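Undergrad: Please find one structure pasted underneath; my questions will follow.
The values are calculated or read from the model by the stated rules, or taken from the named source; none is laboratory data. Keep in mind that what you see is a predicted model, and the values were worked out from it rather than measured. Methodologically, a virtual Cβ is constructed for each residue, glycine included, from the backbone with ideal geometry; neighbour enumeration extends over all protein chains shown. Heavy atoms of the whole protein, side chains included, go into the accessibility calculation; ligands, DNA and RNA do not. Shrake-Rupley method; radii C 1.70, N 1.55, O 1.52, S 1.80 Å.
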Amino acid sequence: MNTLFINGNDEENMKVAAAAVRDGEVVAFPTETVYGLGADALNKDAVKKIFEAKGRPGDNPLIVHIYDKSQIDDIASEITPLAQKLMDAFMPGPITVIVKKSSSIPDEVTAGLDTVGIRMPGSDTCRRFLSLCGCPVAAPSANLSGSPSPTSALHVLNDMDGRIFAIIDGGECEVGLESTVVDATGKEPVILRPGAVTKAMIDEATSSDTGSETLKEGQTPKAPGMKYRHYAPDAEVEIIFLPEDVGEDDILIPETEGEDGKDPLKEMTDEQKKKLFNVASPFILRCREILEKNPASRIGIFAGDETRILFDRTGDHILLSHINFYSYGRSGLVSAASHCLFDGLRHLDIQKPDVILAAGFKGEGLQKAYMNRLEKAAGKSGDLPSRPEVKRHEMPLEMFKDVFTASVLFVGDNNTARSAACEKIFTEMLRSEAPFCREGDTSTGAELYAGSAGLYAMEGDLPDKRMCDALDECFGMDLSHHRGVRACPSEYNDHDLVITMHDEQAFAILNSFPEAEGKVFSISSYAASKGLVIKDEKGRVVSVSIPDPAGENMETYMHTARALKAWLEILFPYILKDLGAERL
Ligand code: TXA
Ligand code: MG
């Protein structure tokens with residue numbers, strides 16, 4: 001099957017997808033929680049196709065999605081006063097309310113249970129689609145059974161391409177964790193799966209004290225899905241708890257970053273430094289422990305921005321070369337961590353780490369929903385794991401010594417071949433030439449790094465296979481962990497120097513982002529600005545040109561790789577100087 005990819009604003013194709021649902025096809029659609037895999041809930045053959053596409057066991061019931069509360073009467077046979085209160089308070093929104101089902105809902109939807117979960121999503125695109133369908137839509141999360149739930153259309157495409165009729169792209173899901181599932185068939189609400197509608201919110205809306213289901217051995221689960229190991233990336237997942245005194249509003253690093261190479265950490269009080277250290281050091285220590293046991297380990301890290309910054313500050317290039325980092329934003333923000341969790345697990349997992357270290361949160365609100373998913377990813381369930389024993393070390397002060405950071409960004413078209421190779425080669429050069437200091441000031445260390453991006457890159461795109469082979473063959477460098485990054489103004493802002501592969505790319509950047517004037521060059525114009533001109537035999541100036549090797553043979557790729565390295569070696573001292581640094 002050729003899966004259609006439809007933009008959520010494309011009204012005509014939305015109608016095509018809705019008509020397909022009425023015809024018994026399966027269509028993936030966005031909600032505010034995660035993407036759903038929908039079919040007409042009243043058509044049992046259509047519902048069976050969902051189970052096939054997902055590879056899901058048939059004893060796990062689906063929930064039914066509606067766009068209007070008037071649809072509830074056809075789905076439910078009884079709405080308890082409790083269910084009514086929950087629907088009034090939280091629909092539309094990230095909640096699923098379990099009620100007694102009506103006879104119109106086939107057993108295929110509810111896996112033979114006499115109850116059904118009803119959900120009215122908050123997302124506009126979603127409700128517009130559901131209203132075009134007209135029927136109630138049964139849908140589980142749109143991932144392959146066992147992999148993390150999808151929070152972007154790209155995630156769905158990765159799992160479902162060729163398996164379903166269409167995917168509707170509605171951008172990233174705001175919440176990022178599936179809805180709260182509440183059993184409302186009795187007098188008191190029972191939370192079967194925690195979500196963004198928290199226990200405290202439910203207790204307040206229903207004036208009760210909600211119970212929550214934790215599964216014991218041999219007991220039939222009330223939310224049958226809870227017994228399966230879910231959301232699991234291939235790598236082992238290990239949870240590292242944040243200190244309890246780090247709250248949502250904690251800004252651990254003052255926002256002076258980027259201003260003229262000023263060091264943000266310099267402005268901090270000792271109290272702040274200590275807090276920051278307590279957040280980041282358990283990750284750093286754990287990585288060192290893992291590498292001590294197995295020096296070949298690859299480690300993925302899902303944590304906050306501040307932790308990433310302190311990792312960079314260790315200046316430990318060996319450590320850094322073994323980790324891939326996914327930052328969800330400010331460390332204390334559980335909403336940001338929830339929004340990014342499934343994307344982070346998927347993103348880190350494709351780098352094939354042996355282990356993923358992920359930030360854990362204590363607390364009863366959204367923290368609970370986040371930890372529920374994270375623990376399932378870590379293969380744990382039930383009670384919170386006890387906090388891992390973290391060795392307390394003296395705060396290594398060199399992390400906070402005055403450091404100056406600067407970086408160069410290499411920009412190409414797709415960020416799969418030349419620009420990616422430049423990043424890799426230049427990073428290796430920095431590694432072998434380190435340490436650096438600020439130019440003319442040996443007392444201030446300098447952390448230098450290189451990045452790359454593409455004007456038309458697909459986020460997360462894999463590198464060009466031939467370029468990987470060429471770098472390996474020519475210099476023994478491994479490019480396979482590179483992933484595509486889309487060039488954008490914040491990337492240009494974040495770097496001190498931007499070097500494109502050819503002149504047109506530099507023009508294109510300056511056209512759309514004139515503020516970057518003065519720091520954007522092509523390789524050729526950069527060389528020329530340093531007086532490095534090559535002349536042909538007639539004495540005419542020739543511009544440096546390293547053509548795109550795409551579609552060419554291995555020979556051409558190797559030639560390209562060598563040419564890039566040769567030029568970067570020539571430009572290295574100039575780039576160093578323009579970044580304001582020198583070798584120590
Ligand atoms: O946010 C969400 O709820 C997403 C979006 C797409 O709406 N859907 C979702 O569906 O997460 P699914 O199938 O991945 O998870 C639904 C959970 C499962 O754990 C299932 O066992 C439970 O709800 N469930 C469904 N019907 C039930 C019922 N009648 N009684 C008890 N649990 C039920
Ligand atoms: Mg699911």
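Undergrad: Report every pair of residues separated by at least 6 positions or lying on different chains whose Cβ atoms are under 7 Å apart, first residue within region 46-66 and in the same structural domain as Ala19 (by TED's automatic domain parsing), second away from ligand 2 (no atom under 11 Å from the Cβ) and among the polar types (S, T, N, Q).
TA: As it stands, the answer is Pro61/Thr110; Ile63/Thr96, since those pairs meet every condition given.
Undergrad: Let me ask something else about it. Hey, any hits in region 285-305 for a residue that's open to solvent by less than 40 Å² (accessible area, probe 1.4 Å), of a type in the set (Phe, Trp, Tyr) and out of contact with any Gly (no Cβ under 6 Å at 6 or more places or on another chain)?
TA: The answer is no; no qualifying residue exists.
Undergrad: Which one is modelled with the lowest pLDDT, of the residues in region 115-157 that are hydroxyl-bearing (Ser, Thr, Tyr) and part of a helix (DSSP H, G or I)?
TA: The selected residue is Thr125.
Undergrad: Restricting to region 511-530, what's the tally of residues that are part of a helix (DSSP H, G or I) and within 24 Å of Ile570 (Cβ to Cβ)?
TA: Matching residues across region 511-530 total 8.
Undergrad: Let me ask something else. Is it fair to say Glu552 is open to solvent by 40 Å² or more (accessible area, probe 1.4 Å), more than 15 Å from Phe410 (Cα to Cα) and outside any helix (DSSP H, G or I)?
TA: Criteria met by Glu552.
Undergrad: I'd like the full set of residues that are surrounded by fewer than 24 Cβ atoms within 10 Å (Cβ to Cβ) and either within 16 Å of ligand 2 (Cβ to nearest atom) or under 19 Å from the mean Cα position of the chain (by Cα) (or both), limited to region 128-143.
TA: Within region 128-143, just Pro140 meets the criteria.
Undergrad: With of a type in the set (Val, Ile, Thr) and surrounded by fewer than 20 Cβ atoms within 10 Å (Cβ to Cβ) as the only criterion, which of Thr33, Thr115, Thr125, Thr96 stands out?
TA: The conditions single out Thr115.
This table checks each residue for (1) over 26 Å from the mean Cα position of the chain (by Cα); (2) closer than 22 Å to Gly171 by Cβ.
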residue	(1), (2)
Met14	yes, yes
Asp23	yes, no
Tyr35	no, yes
Asn43	yes, no
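Undergrad: Related question: Kindly provide the set of residues from region 144-158 that are within 13 Å of ligand 1 (Cβ to nearest atom) and either without any contact (Cβ under 8 Å) to a residue 24 or more places away in the chain or open to solvent by 20 Å² or more (accessible area, probe 1.4 Å) (or both), ordered by number.
TA: Listed by number, the residues that qualify are Leu144, Ser145, Gly146, Ser147.
Undergrad: On to the next question. Those residues that are modelled with pLDDT under 85, aliphatic (A, V, I, L, M) and within 11 Å of ligand 1 (Cβ to nearest atom), I need them from region 177-235; list them, please.
TA: Residues satisfying the conditions are Ala223, Met226.
Undergrad: Which of the residues spanning region 315-365 are among the acidic types (Asp, Glu) and open to solvent by 40 Å² or more (accessible area, probe 1.4 Å)?
TA: Asp316, Asp343, Asp354, Glu364
Undergrad: Does any residue of region 90-108 turn out to be closer than 30 Å to Asn13 by Cβ, within 16 Å of ligand 2 (Cβ to nearest atom), aliphatic (A, V, I, L, M) and touching a residue at least 12 places away in the same chain (Cβ under 8 Å)?
TA: Here is the first cut: in region 90-108, the ones closer than 30 Å to Asn13 by Cβ are 91-96, 104-106, 108.
Adding the requirement that they be within 16 Å of ligand 2 (Cβ to nearest atom) leaves 94-96.
Still in the list and also aliphatic (A, V, I, L, M): 95.
Filter again for touching a residue at least 12 places away in the same chain (Cβ under 8 Å), leaving 95.
There is at least one residue in region 90-108 that is closer than 30 Å to Asn13 by Cβ, within 16 Å of ligand 2 (Cβ to nearest atom), aliphatic (A, V, I, L, M) and touching a residue at least 12 places away in the same chain (Cβ under 8 Å).
Undergrad: Restricting the search to region 459-472, which residues are surrounded by 14 or more Cβ atoms within 10 Å (Cβ to Cβ) and outside any loop (DSSP other than H, G, I, E, B)?
TA: Arg466, Met467, Cys468, Asp469, Ala470, Leu471, Asp472
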